[in-house]
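**Student:** Shown below is the structure under consideration.
The values are calculated or read from the model by the stated rules, or taken from the named source; none is laboratory data. On a predicted model such as this, the values are computed, not experimentally measured, just so you know. Counting neighbours? That spans all protein chains shown, and the Cβs are built from the backbone with ideal geometry, glycine included. Quick note on the areas: whole protein, heavy atoms, side chains included, nothing else; ligands and nucleic acids left out. Shrake-Rupley method; radii C 1.70, N 1.55, O 1.52, S 1.80 Å.
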Amino acid sequence: MPPADASTDARTAPIAESYAEFPTGGDSEDTLELRLPDEFVALFAGGSGAADTVAPATDDDLLDRIGDWGPTRTPAGSFHLVPVRVERDLSLIGRWINDPTVATFWELAGTECVTEAHLRSQLDGDGRSVPCLGMLEGTPMSYWEIYRADLDPLARHYPARPHDTGVHLLLGGVADRGRGLGSILLRAVADLVLDNRPSCTRVVAEPDLRNIPSVSAFLSAGFRFSAEVDLPAKRAALMVRDRGLRDVL
């Protein structure tokens, strides 16, 4: 799923980029805003090649200080997103990413150098993607990437809105998969995003269409299927959780 040189191209492990034509189908919610955000305007300010670059950060924190969000209660216990520290977390994340089933969709299997390069590409960037450990009752059990979908290459493939926030999830242990835990945590993390990012109206994700357990988990977590999108490495299901529907779905 995600290549080592792109932090947000595609992925949710099993419970586990020219503008293209907008996907057909869907509903009136998936329409472009009439006014482009400043970040998008900056994409084209540099000339013909600007569409293949990403706007420089203009906010103090593009994701509203994830490290300060704190824990949240879930049916499975207290859950907390903790930003990754390479020196502390590399070995654990590397082991999870090399799980054969996970590797099928994340495409990051290899030595710790591969994992470290993937993490540092985010940590050394401008903050548009933040890798995190998911702590359940104080135990690290999942890996997350919370990212600005509107500033990501993904935005070339769907009618992005300002501050759309994307999520990727990897459940580390085999025992944590296939029992509904992914859905519980996806709902909790989407709520954390919406509670702590008042400018964000939608949480999005783009799991591989082949990853049926992942797509099902997003649906169970209150996301709606919006469209199929062709990304460089996969055909994905664009999943959306709307702020206005969070108490309904």
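**Student:** Within region 136-154, restricting attention to residues that are out of contact with any Leu (no Cβ under 9 Å at 6 or more places or on another chain) and over 19 Å from residue 73 (Cα atoms), which residue is surrounded by the most Cβ atoms within 10 Å (Cβ to Cβ)?
**Tutor:** 149
**Student:** Condition check: touching a strand residue (DSSP E or B) at 6+ places or on another chain (Cβ under 9 Å), at pLDDT below 95 and of a type in the set (A, V, I, L, M). Does residue 238 satisfy that?
**Tutor:** So residue 238 does not fit the description; no.
**Student:** Could you list, in sequence order, the residues of region 170-201 that are more than 25 Å from residue 98 (Cβ to Cβ) and among the basic types (Lys, Arg)?
**Tutor:** 187, 197, listed by residue number.
**Student:** Go through the residues of region 47-67 one by one and say whether even a single one is at pLDDT 95 or above and open to solvent by 70 Å² or more (accessible area, probe 1.4 Å).
**Tutor:** yes
**Student:** Somewhere in region 206-216, is a residue within 15 Å of the chain's Cα centre (by Cα) and of a type in the set (S, T, N, Q)?
**Tutor:** yes
**Student:** Something else: Which one of these does residue 127 not meet: (1) assigned to a helix (DSSP H, G or I); (2) within 16 Å of the chain's Cα centre (by Cα); (3) surrounded by fewer than 23 Cβ atoms within 10 Å (Cβ to Cβ)?
**Tutor:** Only one criterion is unmet by residue 127, namely (1).
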